Amino acid sequence: MSRPRLATVWLDGCSGCHMSFLDLDERLIEISERAVLVYSPLIDAKEYPDGVDVCLVEGAVASEEDLVKIRMIRKRTRVLVSFGDCAVTSNVPGMRNPIGVWPLLERAYLDNATLHQQVPSEVPKLLPKAMPVHAVVEVDVFLPGCPPSADLIYAALDDLLAGRRPDLSRRARFGS
């Protein structure tokens, strides 16, 4: 029997959820024996593959690139997990929403700059609002926290890799 295919994705967030994932410590070995990590910022895969069983998505959908990426990921993934508060609610990336895109860029790159006052061409094309993942695509499991604890991540992965739908309501609320 083949092992489930696992992916992790980082959209507009701080990488804290991935750091918490790494805090699984020795449990990462167990996870690697039960699943194949096929895509992640933690490995060298360049393209998101077809046929992913479980994907943990960190970060809000805040740019046109994020929007295209999450739609493609949803099509290629059986179980999509909103991984952390930025993915679940848009959290910190959503703090820009009342400001607007141009005033945000103007403040960051023009008003606060002393040299080379210009918006860099490398800045991704931002959407009018940063959105939680479920505002764009269907999400199967929500893993709250900023970041979610390693124990909560492990509990979710343990269930998902065993083919069970996780019930994380008590764990998320009480951290156990």
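Among the helices of the chain, those built from whole DSSP H runs whose Cα atoms reach 15 Å or more along their own axis and whose mean Kyte-Doolittle hydropathy is at least 0.5 are 150-161. Using the empirical formula 2.2 N^0.38 Å as the baseline, the Cα radius of gyration of the range 1-131 reaches a ratio of 1.22. Taking label positions 7 Å along the Cα-Cβ direction at both Ala45 and Asp158, the computed distance is 2.4 nm, reported to one decimal.
In straight-distance terms, cross-link reach from Lys46 covers every one of the lysines whose alpha-carbon lies under 17 Å from its own, apart from those fewer than eight places away in the same chain; here that gives Lys69.
Net length available on complete extension from Arg78 to Leu110 is 7.2 nm, with 0.36 nm assigned per residue and the Cα-Cα distance removed.
On the chain, 53 percent of the accessible area sits on carbon and sulfur atoms, based on a 1.4 Å probe.
The values are calculated or read from the model by the stated rules, or taken from the named source; none is laboratory data. Quick caveat, the model's predicted, so the values are computed rather than measured. Counting neighbours? That spans all protein chains shown, and the Cβs are built from the backbone with ideal geometry, glycine included. The protein model used for the area step is the full one, side chains on, heavy atoms only, and it has no ligands, DNA or RNA in it. Shrake-Rupley method; radii C 1.70, N 1.55, O 1.52, S 1.80 Å.
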